[in-house]
Amino acid sequence: MARYTDAVCRQCRREGKKLFLKGERCYTGKCAIARREYAPGQHGQGRKKVSEYGIQLRAKQMTRRYYGVLEGQFRHYYELAEKREGKTGEALLAILESRLDNTVYRLGWASSHAEARQLVNHGHFTVNGKKVDIPSYLTKPGDVVAIAENSRQSVKFKTVIEATSARPIPKFLERSADTFEGKVLAVAQREDIDLDVDETLIVELYSK
């Protein structure tokens, strides 16, 4: 399975925004963008006029990187969003939010999307009582996502859950700390998604 393996802090610096790709480190003074708030590379500090296409591309790249999705899969999600009712951009974000790795991250069971993806790959979660180890699995309203029985007492999960306990849970999800379960209550709405991006720019880019 293809995935990005280079330094993730470069992605935040390239987009000029925190994408919280390294979990708790992003909230400290060690965050790369906090120390070097300019794009990486030899010409990163140069001032360049950005074209309309460039603005649209940055919106798409930032969204893709935030969710940890490569180009081919991102385009597939866009095509799915086009077939749904309502605004295509909002439907695209809702699809990305429904990925199992993102659901795990939103429930506070991982400190970053990358960690959530790894934990799902290793079989630490179930959906409706069945083990699912596919990060791109799309959850739907009514699904119950839970930490697998044999993973609940691991030091890893106890540490992560303690570190993320203060993180707010979005309205479209529900978490029970006692049963190690979370439930998808509804399709994610735009106002509940905290990604600072203008999704209409992505639609304009792909509509060309």
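Summary of computed values
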{"item": "Where a residue in the range 139-155 is assigned by TED's automatic domain parsing to the domain that holds residue 116 and free of Cβ contacts under 8 Å to residues at least 60 places away in the same chain and its partner, wherever it lies, is crowded, with 17+ Cβ neighbours inside 10 Å and basic (Lys, Arg), with Cβ under 7 Å and at least six apart", "result": "144/183"}
{"item": "Residue in the range 133-141 that is closer than 14 Å to residue 173 by Cβ, surrounded by 21 or more Cβ atoms within 10 Å (Cβ to Cβ) and at pLDDT 95 or above present", "result": "yes"}
{"item": "Filter result for the condition that a residue is over 17 Å from the mean Cα position of the chain (by Cα), of a type in the set (A, V, I, L, M, F, W, C) and at pLDDT 95 or above, over 127, 155", "result": "127"}
{"item": "Qualifying residue in the range 71-83 (condition: surrounded by 15 or more Cβ atoms within 10 Å (Cβ to Cβ) and in contact with a strand residue (DSSP E or B) (Cβ under 8 Å, 6 or more places away or on another chain))", "result": "no"}
{"item": "Condition check for residue 79: modelled with pLDDT of 95 or more and either assigned by TED's automatic domain parsing to the domain that holds residue 177 or within 22 Å of residue 137 (Cβ to Cβ) (or both)", "result": "yes"}
{"item": "Number of the condition not met by residue 62 [criteria: (1) more than 14 Å from residue 182 (Cα to Cα); (2) exposed (fewer than 14 other Cβ atoms within 10 Å of the Cβ); (3) touching a Lys or Arg at 6+ places or on another chain (Cβ under 9 Å)]", "result": "(2)"}
{"item": "Matching residues, the range 67-100, being under 19 Å from residue 121 (Cβ atoms) and among the hydroxyl-bearing types (Ser, Thr, Tyr)", "result": "67, 98"}
{"item": "So residue 179, is it farther than 30 Å from residue 86 by Cβ, at pLDDT below 90, touching a strand residue (DSSP E or B) at 6+ places or on another chain (Cβ under 8 Å) and of a type in the set (S, T, N, Q)", "result": "yes"}
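The values are calculated or read from the model by the stated rules, or taken from the named source; none is laboratory data. Just so it is clear, the structure is predicted and the values come from calculations on it, not from any experiment. Don't worry about glycine lacking a Cβ; one is built from the backbone with ideal geometry, like all the others, and counts go over all protein chains shown.
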